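Every read-out reported here was derived from the displayed coordinates using simple, explicitly stated rules and does not represent laboratory data. Note that the structure is predicted; figures quoted are calculated from it, not measured. Don't worry about glycine lacking a Cβ; one is built from the backbone with ideal geometry, like all the others, and counts go over all protein chains shown.
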Amino acid sequence: MSGGDHNQLPASQIGSDSPGELGEPPAPVDFALRILQRVGIPRDRYDTYVRLDTAAGGLFVAFTPELVTGAVLATGGLTAERFEELHRSRTGRSAIPTGTPLPGLLTALRTGRVRRLSLDLGPVDALEARVLRAVQTIPAGQLRPLSWLTREAALPPARGADAVLNVLAHNPFVVLVPCHRVTYEHGAPCDAAYLPAAGDALRSAEGVDMAEVHQWSRSGAVFLGSDTTHIYCHPTCANARRITPAHRVPFTNAREARRAGYRACKSCRPVAA
Amino acid sequence: MEELAEQLTDLLAQDLDAGFTELVRVHARAVHAFLLRVSGSAAEADDLGQDAFLRAYTALQGYPPERRRALQPRAWLMTIAANVWRNHVRSNSRRPLSVMRVDDAPDMWSDADPGPADRALNADDRGRLVAALSRLPEYYRVPVVLRHVVGMSYAEVAQIQGCPVGTAKAQVSRGMSDLRRLLTWEEEGEVAT
């Protein structure tokens, strides 16, 4: 072994003057998947995942042939390997890269209509599941306050807001369960599961005018009514946005609207119908 | 990483399919990288990689759980990949290209030489290094790739090569000095032209 020291030299030289030059070249994206298919591992033993582009950057989405099983934004330097490990530790399933996304996934992401996307919520309790399902029903380009979520998910009002925020912070399906559409009562977005920039990017891609939302929250008005129909809505509701400026009537709470003879909108449900 | 490897062998012992899926997820990239760098062809790396994992699965089926638990997955897989590569080289040398029927030739084109895409890649520094690597004799190339592409220890390289550690070190060292000489020649050649 007299050559031991001598032999160390070439390695360190190559390592120093060409770092990563001999590093791992990328394998074809479906290399691992084809191995599993060729060996004949049943498809239900593993999940596959794709990396898709969203307004907030890359999004890793894992799925079985029918259900989405997880989604994580590739912010903060999250690599594919790290995502695989996170997915494994959360769901106990292996995520194998593929080039083919789940049918309907691309459309759902492009249009923001994620309501009908089938999710496998995995190991969550009933409360979390109800909150996530409720968030999923918020339409694209619209915002809902925490109190609305608490009511839609039928949570006990006493611990409602905190419980909801806690669930949102650990949202295992970011973007697909659109928690960027959830706000505090005064209209400021929660963004519990995102960096602020990511939340803003997603909202502006859906056409939410944040300047207008800020203006609303400063004025103290929470609901918007129409004096022609005598119906009041959440300000970002599609029906509220159709009201011409001359007919807009702001309200600071539901009681005020009711006293003025207005009823709640049936699509955005500002109070329990 | 060690903790992960430990879980992997436990999983292999308990449930072959789940363990094998994890084995593929964790190690497929390294096996592919090894085969790509020793063969110099993406198509061959792909085929031989599939082959190596198929062999691994067949072997695992015959192993009792204790043996699967005692496995060192990465070194074991690399041993299989190295053997698959050696077998491939040997059977190719027994079937020289000249006796091949013309009809079969198109199947071999992508494998024999770097294609247009590979040549485009070779334009940059990494490409030059890869090209030099593919000119290295096969008995040096395998240990060099194991040590410097896959990043294994000399002990692991020796285990895969079936030789003492000192021999593995010498092989890597000679491979590296050959590689350096190939690159210097190339640079001088470029200056001359």
>> I'd like the per residue volume of the convex hull spanned by the Cα atoms of region B:1-95, given in cubic angstrom.
In response: 91
> Among residues other than B:Arg135 whose Cβ falls under 12 Å from its Cβ, what is the net charge (Lys/Arg +1, Asp/Glu -1)?
Replying inline: 0
> In region A:31-111, what is the volume of the convex hull around the alpha carbon atoms, normalised per residue and reported in Å³?
Replying inline: 91
> When the helices in chain A are scored as -39500 (n - 2.57) per DSSP H run of 4 or longer and the sum is shared across all residues, what 222 nm value do you end up with, to the nearest 500 deg cm²/dmol?
Replying inline: -10500 deg cm²/dmol
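Just add up the charged neighbours of A:Ala108: K/R +1, D/E -1, any other residue whose Cβ is under 12 Å from the Cβ of A:Ala108. Before the final figure, lay out the partial values.
On the way: positive: A:Arg110, A:Arg113, A:Arg115, A:Arg116; negative: none.
Around A:Ala108, the charge tally is +4.
Suppose every Lys and Arg Cβ carries +1 and every Asp and Glu Cβ carries -1, with no other charges. What dipole size does region A:124-204 come out with about its Cα centre, to the nearest 20 debye?
Details: 7 positive and 7 negative charges, 40 e Å.
Rounded to the nearest 20 debye, it is 200 debye.
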>> For chain A, take every pair of Cα atoms, bin their distances at 10 Å starting from 0, and report each bin as a whole percent.
In response: 6, 25, 27, 18, 11, 7, 4, 2, 1, 0
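Mind jotting down a quarter of the surface of the convex hull over the alpha carbons of region A:128-201, in square nanometres, one decimal? Could you put the intermediate results ahead of the total?
Values: hull surface 17.3 nm².
Dividing the Cα hull surface by four gives the mean projection, 4.3 nm².
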> Out of residues 5 or more away from A:Ile96 or on other chains, whose amide H comes under 5 Å of its own, with H placed 1.01 Å from N in the peptide plane?
Replying inline: A:Asp47, A:Thr48, A:Tyr49
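So for A:Arg218, A:Arg241, fewest C-beta neighbours within 10 Å to most, what's the order?
Details: A:Arg218 10, A:Arg241 15.
By the 10 Å Cβ count, ascending, the order reads A:Arg218, A:Arg241.
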> Any idea how far apart A:Glu81 and A:Leu195 come out in nm if each label point goes 7 Å out from Cα toward Cβ?
Replying inline: 2.1
> Between region A:81-103 and region A:38-56, what's the alpha-carbon centroid distance in Å?
Replying inline: 6
> Among the helices of chain A (complete DSSP H runs), which have Cα atoms covering no less than 30 Å along the helix axis and a Kyte-Doolittle mean of at least -1.0?
Replying inline: none
>> Please list, ordered by chain and number, the residues whose modelled amide H lies under 5 Å from the amide H of B:Met152; skip anything fewer than 5 residues away on the same chain.
In response: B:Arg147
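Please work out whether region A:219-273 counts as rounded, prolate or oblate from its C-alpha gyration tensor, where a ≥ b ≥ c are the square roots of the eigenvalues and a/c under 1.5 means rounded, while otherwise a/b larger than b/c means prolate and anything else oblate?
Working: a/c = 1.30, a/b = 1.13, b/c = 1.15.
Note, shape of region A:219-273 comes out rounded.
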